[in-house]
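Working notes, beginning with the structure itself.
Every number in this text was worked out from the coordinates using simple rules, so none of it is lab data. This one's a predicted model, so the numbers in the text were calculated from it and none came from an experiment. Neighbour counts run over all protein chains shown; Cβ positions are idealised from the backbone, glycine included.
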Amino acid sequence: MTTQIGASAAAARAHQELFAYWAGLKRGPKLPGRSDIRPEDLKRLLPTLSLIDVKSDPLEFRLRLAGTGLYSVYGQEITGRTLRDVYAGPEADYWQSELTKIVQDRRPAVGVQNMAWRAASHISILWLRLPLASNGVDVDMILGFDAVVGMKPETQRHTGIRAA
């Protein structure tokens, strides 16, 4: 239990750090764009950061980039995949709804998702999603951060990348 509390506190600090970074990039009411994000500023968070492309008409979300730390959570590479490629049924509907709200409201969102749908009920993701807009207004990308709670440390190191 102490480990879970410590992991949750660390996740909350990481969320605060990323939110403060994003908020510092805003230009008044204008949202920051992808070009404002400097990966070198976020080195510690990179393994579980993601960038989600937003396509309009119809609204679709595609993972442009998923950090290497997410491979062990999803059991596969998710970069380049749509929500429906990664999730099925209620999980896909959940993410479609959450990301749609971010696009429409132009506001960050935070939540928790248990990974029981992947037969991993001991793992939860404390997630943060931040809207990005290249023109400052229309959300065309979402910056994501997933803090993984409940994984064994040796499992978290597995990236899916193997030497040739």
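Only the Cβ atoms of Lys and Arg (+1) and of Asp and Glu (-1) were treated as charged; on that basis the dipole of region 2-156 about its Cα centre amounts to roughly 340 debye. Taking region 2-156 as the region of interest, what is the percent of Cα-Cα pairs per 5 angstrom bin, listed from the shortest bin to the one with the maximum distance? Going from the shortest bin to the longest, the percentages are 2, 9, 19, 24, 21, 15, 7, 3, 1, 0. For region 20-88, GluC sites (Glu not before Pro) meeting the loop criterion (DSSP other than H, G, I, E, B) and having at most 15 other Cβ atoms within 10 Å: 77.
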